[in-house]
Each structure stands twice: as structure tokens, then as C-alpha cells.
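The structure appears below as C-alpha cells.
The values are calculated or read from the model by the stated rules, or taken from the named source; none is laboratory data. Keep in mind that this is a model prediction, so the values were computed, not measured. Every residue, glycine among them, receives a Cβ derived from its backbone with ideal geometry; neighbour counts consider all protein chains shown.
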Amino acid sequence: MLRIQVDMFSGRPNPEWIITDTDATDQVLEWAARAKGAIARPGTGHLGLGFREIRVTRLGDDPYRKRGVPADFALASAAAQDFDTSGELALRVLETMPLDREVRLVAHELTPLTGDLKILISERLRRYLVERPPVSIFKFPPYNPLRTTIKDDRCGNCEYEVSQFNPGFWNVPAVQPHNNCYNYARNWRTDTFAQPGRAHGAMTNIMACNTVTAAAMADGLVKRCEVCLPISEWPRRLMALVIDPGTDYHWYRHQRGGFWGHKPGGTAARNVDNSGNLIVNPETCNRGGYTDFCGYFYAGKSVVIN
Amino acid sequence: MLIELDIFSGRPNPRWQLDGRAEQTLRQLHQHLWQIRSHPPEPPGLGYRGFTYTLDGTTWRAYKGWVVSPNQAMMDRGHTVERLLLEQLPAEYTEIRPRVLAELE
């Protein structure tokens, strides 16, 4: 399965859809595999207002590279080496946009997939391909003494941000009961008791490592060290997923100071485990019945949860 | 009366309405609990954290033989409140019943 997102709006959710058909999925990946210079890293091209790129994301929990094509890539990106071919592929991918939605996404509430929208995207894309805006120079984020960028000690070429442990933000009556471990680990108060995959029509009821991982990756999480998130994804979080088999899941977030924070369900955010010890390693801390350690993930700013 | 079994972290906790008969039984059980000046156990972060409900405007948590509100702590040695509420757990949550039961023994 592939998630296609046309990155073009500022206020409304971007148009997006899921390609569920295996043949269509393989076809898109085949195009990308044959034209390597046509694909670019998402978020590295034109970052201004208007049409920016078409993002293609594989939703399966399979190895990162398939036929040499990364799990996430952008078409019609100003950063693509072969911009013309990239634009041609983007137009082809646009043809996969369904008007009768097989998979209904949250984004469709405000951005329904209509014939008019398809025409609008096509017009904007064609104009963009003619004008070819320059690659945006990303300004390094401002200095923030409470948030630090660190190199990942498991893979030196990846970086992410750790922020000050701030339970006071979460442990108030208006916030605490409505936000869970997934909200805390992603550091996004949605007040919806966010569920992995729900924002992208990929929620699961099967409580196992592979299913919850796939659901979270549909939201945009990537596996630690398999993909390094670019600085344009700042702030980037390191999250850890554990499972109480068949029953529930739980997430932790790496904090500034070398320890981990978490928020068990509607209870208070904390940085200690079930034994009351500071969590310095989510793999070995006391996790009660959450016995399966599934792995680590990065979550950049484009990860949307609900 | 709305009952919540506080046990999950990611998924929403089981919540259900107590029927009138069970609610009456719960009220009777409350009358037989006795207040005690001692510190009840703190629920853990992950795992079973008790049942919560609101009775006459006061929110209570029944956990490990204690029934606690923000201002009172009452002893329930036989876990009568927790056992009553566990019996009322909706069928869709049958798989977690043994786990809670194990915490009461």
C-alpha cells in the first residue's frame, strides 16, 4: 500500500489518498525504480506557498528499500536531479487519485477528493513544472535552551531533538485525561486520546508489534537508523514502542538528560517505571505486562496523529 | 453510573454504565467500608490501576482492597467493590478479566 500526499496547501489538509491495489503500488514503485534521478527526499525542494511536491510513502512494515526505492520519496520536487522526469511521474501518480474513496481518511473531511480538486491539482502542478521554483534554503531552527539536537549513538549519521522533561504541561485536568502515551511520545496534545494510524485510516485493533508499528508508520514514523530525518523535519523525536501482547501498546519518548518520559493512558506523565526508577533504558525498565519491546522510531514534524 | 476500569495506556480504558441493581449493591457495599488513617497503595504506571466511578458527586478509585477519594481512604479487605465491578465488566473485555482477578488474589 502507498500513501500519496500532494503537498500544496497551507491551512487545509493536503489532498491525500491510499493506493491499496498491489499492481498499482508495484507500478508506481517500478516507475520510481527506473528513474532514480526523478525522486528526491521529501521536504528538501521548494518549501514555500503553493504546489511543493507529491509525497509517496510505503505503508507496509517491510524493509526500507525496495528495488532501490526508499520508503518515502517525493516527485515533482525542485530538489530532484531529473526534474522533468520527476514532473512526468507526478502527473502519472496524480491519475491514481480516486474520486470514489476506497479508504476514507481524516483529511477528506476538509479536503474531499473531488473532480474539481483533481483539476486544480493538475493545473497547479503543470504551472509549477513550467515555472520550476528554486530549492528553498532551510533556515536552521532558532536556539532553544530547552531543546537540544543530539547525534544518535546507535547510528552516528542520524540526529534528533531531546527536550526538557515538562510533565506540568500534561498533568492538568484539561489535558491529562484526554491524551495518552502516543500523544506524549509524539509531543502533540490532540485531546483525542490519539491512536496509531487513526489519522490516516490505518488504525489496528490487533495489539502486536507488527500491527501497531505499521499503523504508526502510516502516521509518518520511521524506524530508527533505517532512515535519518532531515533537519527540515525539526523537531524530531525518538520514540520507543512496547506491547502488552493482545491487550495494549505503550510509547516512551527520549528526553533531555538521557532518560525517557511516558504517560500511561490518562494518568500523569512521568519519567519513572513501575518500580519507581528513573527510566534510562526502555528495553530493560519495569514495564509490567508490556513485555514485548518492538523497537525505536523517529517522529518528525510531519507526523500527524489523531 | 459510569464505571471505568483503569488499565490501558494506549487504548481507551473500558467504560460502561452500571445497571440499577448493581449500583444499589455498590451503595450498600460503601456503607460497610470503614475509613482508615493509613496510606493506600499507589497504582503503578502500567497495568491494573483500579476501577473509578462517581458516587453522589465524589469520585472514587477502588484499587487493591482500598476505596479512595481525594479526601477519604476506606478499607475494603475482601475487595468486594472491585469484585462486584469486575463481574459487571462487559463481555467484549473478557480477555482482561483473569488479569484483574489475579491482582485481587
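Restricting to segment A:267-289, give me the number of residues that are within 13 Å of another protein chain (Cβ to nearest Cβ), farther than 17 Å from A:Gln164 by Cβ and within 24 Å of the chain's Cα centre (by Cα).
Residues in segment A:267-289 being within 13 Å of another protein chain (Cβ to nearest Cβ), farther than 17 Å from A:Gln164 by Cβ and within 24 Å of the chain's Cα centre (by Cα): 1 in total.
Pull up segment A:77-136, narrow it to residues that are in contact with an Asp or Glu (Cβ under 7 Å, 6 or more places away or on another chain) and in a loop (DSSP other than H, G, I, E, B), then point me to the one that is surrounded by the most Cβ atoms within 10 Å (Cβ to Cβ). Working first, answer last.
We begin by selecting, within segment A:77-136, every residue in contact with an Asp or Glu (Cβ under 7 Å, 6 or more places away or on another chain); these are A:77, A:105, A:107.
When the remaining residues are screened for being in a loop (DSSP other than H, G, I, E, B), the result is A:77, A:105.
On the way: A:Ser77: 27, A:Leu105: 22.
That would be A:Ser77.
With (1) without any contact (Cβ under 8 Å) to a residue 60 or more places away in the chain; (2) part of a helix (DSSP H, G or I) as the list, and B:Ala22 as the residue in question, which single condition is left unmet?
Result: B:Ala22 passes all but (1).
Name the residues in segment B:86-105 that are out of contact with any helix residue (DSSP H, G or I) (no Cβ under 9 Å at 6 or more places or on another chain) and not in a helix (DSSP H, G or I), would you? Please lay out each step first, then the result.
To start, the set of residues in segment B:86-105 that are out of contact with any helix residue (DSSP H, G or I) (no Cβ under 9 Å at 6 or more places or on another chain) comprises B:90-96, B:98-99, B:102, B:105.
Across segment B:86-105, the qualifying residues are B:Pro90, B:Glu105.
Give just the number: which of (1) surrounded by fewer than 17 Cβ atoms within 10 Å (Cβ to Cβ); (2) at negative phi; (3) not aliphatic (A, V, I, L, M) does A:Tyr252 not satisfy?
Failed condition: (1).
So, in segment A:146-165, exactly how many residues are modelled with pLDDT of 90 or more, closer than 10 Å to A:Gln255 by Cα and out of contact with any Leu (no Cβ under 7 Å at 6 or more places or on another chain)?
Narrowing segment A:146-165 to residues modelled with pLDDT of 90 or more: A:149-155, A:158-165.
If we keep only those that are closer than 10 Å to A:Gln255 by Cα as well, we get A:161-165.
Filter once more, so that each one left must be out of contact with any Leu (no Cβ under 7 Å at 6 or more places or on another chain): A:161-162, A:165.
The qualifying residues number 3.
Sort through B:Leu85, B:Leu89, B:Leu33 and tell me the only one that's surrounded by 14 or more Cβ atoms within 10 Å (Cβ to Cβ) and at pLDDT below 95.
The unique qualifying residue is B:Leu33.
Among the residues of segment A:256-275, which ones are under 17 Å from A:Asn179 (Cβ atoms) and either of a type in the set (A, V, I, L, M) or buried (at least 19 other Cβ atoms within 10 Å of the Cβ) (or both)?
Taking segment A:256-275 and keeping what is under 17 Å from A:Asn179 (Cβ atoms), we get A:261-271.
Of everything in segment A:256-275, those that are under 17 Å from A:Asn179 (Cβ atoms) and either of a type in the set (A, V, I, L, M) or buried (at least 19 other Cβ atoms within 10 Å of the Cβ) (or both) turn out to be A:Gly261, A:His262, A:Lys263, A:Pro264, A:Gly265, A:Gly266, A:Thr267, A:Ala268, A:Ala269, A:Arg270.
Report yes if some residue within segment B:51-71 is over 19 Å from A:Pro177 (Cβ atoms), away from chain A (no Cβ under 14 Å), part of a strand (DSSP E or B) and modelled with pLDDT of 95 or more; otherwise report no.
There is at least one residue in segment B:51-71 that is over 19 Å from A:Pro177 (Cβ atoms), away from chain A (no Cβ under 14 Å), part of a strand (DSSP E or B) and modelled with pLDDT of 95 or more.
Report yes if A:Gly220 is buried (at least 23 other Cβ atoms within 10 Å of the Cβ), away from chain B (no Cβ under 14 Å), in contact (Cβ under 8 Å) with a residue 40 or more places away in the chain and under 19 Å from A:Asn306 (Cβ atoms), otherwise no.
Details: buried (at least 23 other Cβ atoms within 10 Å of the Cβ): yes; away from chain B (no Cβ under 14 Å): yes; in contact (Cβ under 8 Å) with a residue 40 or more places away in the chain: yes; under 19 Å from A:Asn306 (Cβ atoms): yes.
Yes, satisfied.
Check whether at least one residue in segment B:47-58 is aromatic (Phe, Trp, Tyr) and surrounded by 20 or more Cβ atoms within 10 Å (Cβ to Cβ), and report yes or no.
Our first condition is that a residue be aromatic (Phe, Trp, Tyr); within segment B:47-58, this holds for B:48, B:51, B:53.
Keeping just the survivors that are surrounded by 20 or more Cβ atoms within 10 Å (Cβ to Cβ) gives B:48, B:51.
Looking through segment B:47-58, at least one residue is aromatic (Phe, Trp, Tyr) and surrounded by 20 or more Cβ atoms within 10 Å (Cβ to Cβ).
Run down A:Gly220, A:Gly156, A:Gly201 and say which single residue is on the phi < 0 side of the Ramachandran plot and out of contact with any helix residue (DSSP H, G or I) (no Cβ under 7 Å at 6 or more places or on another chain). Steps first, please.
Values: A:Gly220 fails: on the phi < 0 side of the Ramachandran plot; A:Gly201 fails: on the phi < 0 side of the Ramachandran plot.
Just one listed residue meets the conditions, A:Gly156.
Please determine whether any residue of segment A:39-47 is over 18 Å from A:Ser10 (Cβ atoms), part of a helix (DSSP H, G or I) and touching a residue at least 24 places away in the same chain (Cβ under 8 Å). Before you say what the answer is, go through the steps one by one.
Going through segment A:39-47, the residues over 18 Å from A:Ser10 (Cβ atoms) turn out to be A:39-41, A:44.
Going one step further and asking which of them are part of a helix (DSSP H, G or I), we end up with none.
Scanning segment A:39-47 turns up no residue that is over 18 Å from A:Ser10 (Cβ atoms), part of a helix (DSSP H, G or I) and touching a residue at least 24 places away in the same chain (Cβ under 8 Å).
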